[in-house]
Amino acid sequence: MENQLAYTKAIALLHKVSTPKGFTAAAVVEDNYCRIWTRDSVVCGLAALLTNDEKLIVTFKNSLVTIWDNQHATGFLPSNVDENNKVSYGGTAGRADAPAWAIIGLCMYSMHTKDGTILTTYEPNVNLALQVMDVWEFNGKHLMYVPQSGDWADEYIQHGYVLFDQLLRLWALQLAAKVYNNKIFATKATQIKTTIENNFFYREDADNWYALNMIHQKEEVPKSFWWMGFNPAQIYVQFDLQANALAVLLKIGTVAQQKSCMDFIQSLLEERNSMLPSFWPAVEYKDREMDELKNNFAYRFRNKPGEFHNAGLWPVWNGLMCAALKVSGKEMLQKKLFEMMVDAVAVNNFEMNECYNAQTNIACGVHECAWSAAGIIFSEKAHELFN
């Protein structure tokens with residue numbers, strides 16, 4: 001009963017954040033959450049498609065129009081657009097994930113609604129967005145170089161070849177290849193997939209490594225899940241929840257690698273007995289990375305150990321992991337994780353907070369957060385997006 005109520009409340013919140021321009025990031029007027037964000041609005045739109053709620057699907061279309069009509073002349077997409085049509089393309093750094101999210105949203109919307117007109121209208125824009133992601137490789141080796149603060153975890157430490165952003169680009173290309181029947185897109189997707197598989201999971205051999213510096217670091221990295229990313233100076237050893245979920249859903253790697261990844265997730269879930277942290281372990285005050293965290297914020301410091309991007313518990317990405325558990329045949333674990341999500345978001349009459357403290361499960365983000373509602377919907381149905 002509580003699970004069904006959570007689903008109903010999630011749909012109600014998506015209606016609450018619906019505006020004529022699209023989905024806002026939250027129902028509260030705080031910081032810049034009342035804007036149409038490319039990333040957040042597409043995530044909410046994908047959830048809307050899964051509900052088959054006609055009004056929400058219209059709002060998704062409005063989000064896509066707002067996003068694509070404000071594409072920059074050089075090809076990148078807005079970070080967000082406010083109610084007065086003022087466009088932000090990012091803060092100190094631009095948003096490298098925005099083009100992929102916009103393409104994913106457009107393709108998924110068209111496939112669900114059978115609306116081919118919107119694909120034709122924005123086909124030149126899609127080509128330009130894919131082109132700018134090609135440019136962001138800088139070296140033609142099939143991985144984008146993502147600046148710090150360049151994706152959803154915009155106050156975290158990661159920069160360089162960040163796995164989550166590579167996977168989003170791969171998903172976008174696969175969908176674009178399908179809806180536009182474009183062999184060039186399909187070939188590029190295959191090249192990216194191969195490069196991901198060769199460089200984000202431990203292996204003994206030294207063939208086809210992206211960079212030589214990775215070879216002498218590989219003994220220090222995790223061997224059971226997909227790496228968060230790497231750059232010229234380091235391989236990131238943290239567990240990245242959303243990247244590993246997406247890797248499973250996009251069928252990255254071998255059967256053995258998939259199993260290893262899911263076994264690690266199962267052990268982490270059983271060890272913690274709570275929602276899973278987006279990045280794990282947390283950066284502690286004694287760690288050198290804390291200096292980066294303490295200086296990287298727009299409004300206030302939120303990355304205390306176990307909070308926000310620093311190992312906080314995010315319903316949206318736990319919802320995506322529920323889908324990964326389901327397709328991996330771990331339905332009992334999926335149900336367990338979903339129930340933990342419901343317990344968290346149900347506090348204060350289903351406040352649907354943005355994120356929760358990893359030690360206490362106490363809310364530590366913005367309440368009435370739209371993509372937390374999307375996470376509840378994803379928990380039961382997101383696997384359908386990858387059929």
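The values are calculated or read from the model by the stated rules, or taken from the named source; none is laboratory data. Predicted, not measured: the structure shown is a model, and the values here were computed from it. Heads up, the Cβs are rebuilt from the backbone with ideal geometry, glycines too, and the neighbour counts pull from every protein chain shown.
Points to keep in mind about this one:
- Check on residue 140, in a loop (DSSP other than H, G, I, E, B), of a type in the set (Gly, Ala, Ser) and out of contact with any strand residue (DSSP E or B) (no Cβ under 7 Å at 6 or more places or on another chain): yes
- Checked against (1) crowded, with 21+ Cβ neighbours inside 10 Å; (2) modelled with pLDDT under 95, residue 39 passes all but condition (2).
- Residue that is surrounded by the fewest Cβ atoms within 10 Å (Cβ to Cβ), among those in segment 285-306 that are outside any loop (DSSP other than H, G, I, E, B) and hydrophobic (A, V, I, L, M, F, W, C): 290
- Condition check for residue 215: among the β-branched types (Val, Ile, Thr) and more than 19 Å from residue 164 (Cβ to Cβ): yes
- Residue in segment 256-273 that is in contact with a helix residue (DSSP H, G or I) (Cβ under 7 Å, 6 or more places away or on another chain) and closer than 18 Å to residue 218 by Cβ present: yes
- Positions within segment 143-173 being outside any loop (DSSP other than H, G, I, E, B), surrounded by fewer than 24 Cβ atoms within 10 Å (Cβ to Cβ) and within 12 Å of the chain's Cα centre (by Cα), in sequence order: 171
- Selection from segment 100-140 of residues that are charged (D, E, K, R) and closer than 15 Å to residue 165 by Cα: 134, 137
- Single residue of segment 322-344 satisfying the filter (among the small types (Gly, Ala, Ser) and surrounded by 16 or more Cβ atoms within 10 Å (Cβ to Cβ)) that is farthest from residue 260 (Cα to Cα): 344
- Single unsatisfied condition, residue 189 versus (1) among the hydrophobic types (A, V, I, L, M, F, W, C); (2) closer than 26 Å to residue 320 by Cβ; (3) loosely packed, with under 14 Cβ neighbours inside 10 Å: (3)
- Among the residues listed as 87, 58, the single one being more than 29 Å from residue 158 (Cβ to Cβ), touching a strand residue (DSSP E or B) at 6+ places or on another chain (Cβ under 9 Å), surrounded by fewer than 21 Cβ atoms within 10 Å (Cβ to Cβ) and of a type in the set (A, V, I, L, M, F, W, C): 58
- Test result for residue 7, hydroxyl-bearing (Ser, Thr, Tyr), over 24 Å from residue 110 (Cα atoms), crowded, with 17+ Cβ neighbours inside 10 Å and modelled with pLDDT of 95 or more: yes
- Residue ID - farthest from residue 366 (Cα to Cα), chosen from residues in segment 25-40 that are in contact with a helix residue (DSSP H, G or I) (Cβ under 7 Å, 6 or more places away or on another chain) and either hydroxyl-bearing (Ser, Thr, Tyr) or part of a helix (DSSP H, G or I) (or both): 38
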